[in-house]
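The values are calculated or read from the model by the stated rules, or taken from the named source; none is laboratory data. Quick caveat, the model's predicted, so the values are computed rather than measured. For neighbour counting, all protein chains shown are included, and Cβ atoms are generated from backbone atoms with ideal geometry for every residue, glycine included.
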Amino acid sequence: MKRLLVFPILVLLLFTSCTNFRNIEIRSVKLNEVKLISTSRAMVDVEFTINNTANTNLVLQSADGFLTKNGLNFAQITLIESDTIAASAQSTNRARFQIELLDPMSLFSMGLNIKSWKMSDFEINARGVIRTSKGGRKAFKLKNMPLENLTKRF
């Protein structure tokens, strides 16, 4: 009798511990702070509100990629640190990225007034890993994703 109960209990535990990443929703993303380190490097803090419906904490473990404009690499993006996203809650978290211009001359050709830049002109090519507190990992990849549609992707 005990042997018959082991299999349904294991299946039940397996399905209740799975993280369904499709149900996790990013509600808003806001550029919080930009610190210029040099003429070609900056630290950017991003604040995001996320609705984590999973029963596990999530951490953006790694992310790196390129910001492109007109098919050419404009800047390299690397994740420096990220907050832990609380399980089964809506929370506001932060992530810090390092952005390095690959060709500083392209910055001058676009104009130094950043407010005049169009977000629709930029695309992102990136990959990253999201780690769960239960030990699971989910890799993601973005290819030619318009920067303005980034939150819609997730």
Residues of region 80-95 being of a type in the set (Gly, Ala, Ser) and within 11 Å of ASN51 (Cα to Cα), which ones?
ALA86, ALA87, SER88, ALA89, SER91
Residue by residue through region 85-101, note down the ones that are of a type in the set (S, T, N, Q) and free of Cβ contacts under 8 Å to residues at least 40 places away in the same chain.
SER88
Identify the residue in region 69-85 that is surrounded by fewer than 15 Cβ atoms within 10 Å (Cβ to Cβ) and hydrophobic (A, V, I, L, M, F, W, C) and, among all such residues, is modelled with the highest pLDDT.
ILE80
SER38: passes all of (1) surrounded by fewer than 13 Cβ atoms within 10 Å (Cβ to Cβ); (2) within 21 Å of THR84 (Cα to Cα); (3) modelled with pLDDT of 80 or more but (2)
Conditions (1) at positive phi; (2) modelled with pLDDT of 85 or more; number of the one not met by ILE124
(1)
Go through region 70-84 residue by residue and tally those that are hydrophobic (A, V, I, L, M, F, W, C) and either touching a residue at least 40 places away in the same chain (Cβ under 8 Å) or over 22 Å from ALA42 (Cα atoms) (or both).
3
For PHE66, state whether it is buried (at least 16 other Cβ atoms within 10 Å of the Cβ) and not aliphatic (A, V, I, L, M).
no
